[in-house]
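Before any comments, here is the structure.
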Amino acid sequence: MNFRYIALVMALATPANAFVPNPAIRSGLKLNVASESGEITEESIMKSLNYEPGKAKTEFANKFGHLAGKEVKTVGEAFADFTAELGFSVNALYKNSITDLVGTTHLIVANARFQKDPIWSAGLLLSLDLLLKNYPEKDVGEEIASALFKAIGLDEAEVRAEAKQVSDWAEGKTKEDIEAALSGEGDNLIADTARAAKSDEFWMYS
């Protein structure tokens, strides 16, 4: 029994008189949260609330409701895939950082709202370069990066190509040029990415 389930049961079972001065206002709202056997279960609670995953009358549900029930790789499975792809242990000094990187990046990519774009790809590669530039064995650092991409289900060549597009575009640009593009001004991939993010109310990187 998880905390969320316990909290929901308590919320349904506990009177809220402290927030309602006149008990008459609570016009006898009653929820039958018990199952036919009399036991309160998560299923019986959801049934009493008439809840169906992905069926809410909201814009969010309209856009992402079709994903309800979809199997999603767990963080543990992402770690297992990363370890299998790499084939050896990470240097002890880097273990915590790499663990955080694999787990966090997996959670970002697994989110239905996430959309990969050239700016995100460039940011990920810059983060990897910063983290691994002093790794004792340079070739191992490159293998760690490759194992990460495979573990989270991204095409490494595609990510690197997108990142190169950003660096090529930024070469020779002024601070003002970059700020304008990030504001959505101009005809270039940075401005296109910024406009796409602004137009999507559910847009997110992390």
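5 Å is the cut-off here: which amide hydrogens, built 1.01 Å from N in the peptide plane, fall below it relative to I40, excluding neighbours closer than 5 in sequence?
S35
Per residue, how many Å² of accessible area does the stretch 90-206 show with a 1.4 Å probe? Write out the running numbers ahead of the final one.
Numbers: 6670 Å² over 117 residues.
Per-residue accessible area for the stretch 90-206 comes out at 57 Å².
Can you give me the % of accessible surface on the stretch 55-128 that is carbon or sulfur? Probe 1.4 Å, all protein chains present, nothing else counted.
Numbers: 2550 of 4550 Å².
Heavy-atom surface of the stretch 55-128 belonging to carbon and sulfur, 1.4 Å probe: 56 percent.
Taking 0.36 nm per residue of separation and subtracting the Cα-Cα distance, what length does fully extending F114 through T174 add? Show your work: numbers first, answer last.
Numbers: separation 60, 0.36 × 60 = 21.60 nm, distance 2.93 nm.
That pair, F114 and T174, stretches by 18.7 nm at full extension.
Around L93, what is the net charge, scoring Lys/Arg as +1 and Asp/Glu as -1 over all other residues with Cβ under 14 Å from its Cβ?
Once all neighbours under 14 Å are counted, the net charge is 0.
May I ask you to give the average projected area over all directions of the convex hull of the Cα atoms of the stretch 92-196, in nm² rounded to one decimal?
Values: hull surface 30.0 nm².
The directionally averaged projection comes out at 7.5 nm².
Between the stretch 143-206 and the stretch 38-88, what is the C-alpha centre distance in whole Å?
Between the Cα centres of the stretch 143-206 and the stretch 38-88 lies a distance of 29 Å.
Please report the net charge: other residues with Cβ closer than 11 Å to the Cβ of A147, K and R +1, D and E -1.
Numbers: positive: K150; negative: D81, E85, E142, E143, E156.
For residues surrounding A147, the net value is -4.
The values are calculated or read from the model by the stated rules, or taken from the named source; none is laboratory data. A quick note: this is a predicted structure, and the numbers were derived from the prediction, not measured. No Cβ is skipped: glycine too gets one built from the backbone with ideal geometry, and neighbour counts run over all protein chains shown. What goes into the accessible areas is simple: the full protein's heavy atoms, side chains included, and nothing from ligands, DNA or RNA. Shrake-Rupley method; radii C 1.70, N 1.55, O 1.52, S 1.80 Å.
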